[in-house]
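To start, I am sharing the structure in question, which I have written as structure tokens.
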Amino acid sequence: MVKNSFISVISQEEKAENKGSVEFQIASFTNKIRKLTSHLELHRKDYSSQRGLRKILGKRQRLLSYLAKKNRVRYKELISQLDIRESKTR
């Protein structure tokens, strides 16, 4: 398991100022998702971690849809920086 492969998109100065911003929360959830995914590759039957991963995925998805509705440009920049797929629209 590689611990240093997670992305730090937001600089340390911005981190101190904008912990409540949507972009910071999405980046934080993305790092947690990547850590849990690498953990679950080793421990396939850790069902409580699987449940936690699904909950974090749902939270991130709701924040991404909120950001896409409010500011499409910031949404596009963020998903390209974090290297995640664009959410499907219904």
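The values are calculated or read from the model by the stated rules, or taken from the named source; none is laboratory data. Here the structure is a predicted model, which means the values were calculated and not measured. Glycine gets a Cβ as well: all are built from the backbone with ideal geometry, and neighbour counts include every protein chain shown. SASA here: full protein model, heavy atoms, side chains in, ligands and nucleic acids out. Shrake-Rupley method; radii C 1.70, N 1.55, O 1.52, S 1.80 Å.
Rounded to the nearest 20 debye, what is the charge dipole size of segment 22-82 about its Cα centre when +1 sits on each Lys and Arg Cβ and -1 on each Asp and Glu Cβ?
Working: 16 positive and 4 negative charges, 54 e Å.
About 260 debye.
Which of rounded, prolate, oblate describes segment 39-80, given a ≥ b ≥ c as roots of the alpha-carbon gyration tensor eigenvalues and a/c under 1.5 marking rounded, otherwise prolate only if a/b is larger than b/c? Could the numbers behind the result be given before it?
Details: a/c = 7.47, a/b = 2.59, b/c = 2.89.
Oblate is the answer for segment 39-80, as a/c is 1.5 or above yet b/c matches or exceeds a/b.
Under the 0.36 nm per residue contour assumption, what length would be gained going from the current alpha-carbon distance of Lys76 and Asn31 to full extension? Could the numbers behind the result be given before it?
Numbers: separation 45, 0.36 × 45 = 16.20 nm, distance 1.83 nm.
Extra length from Lys76 to Asn31 when fully extended: 14.4 nm.
Tell me the per residue accessible area of segment 22-82 using a 1.4 Å probe; a whole number in Å² is fine. Can you show the working numbers first?
On the way: 4030 Å² over 61 residues.
I get 66 Å² per residue for this part.
Can you give me the solvent accessible area of Glu23 with a 1.4 Å probe, rounded to the nearest 10 Å²?
40
Sort 26-34, 44-52 for me by packing, meaning the mean count of neighbouring Cβ atoms within 10 Å per residue, highest on top.
26-34, 44-52
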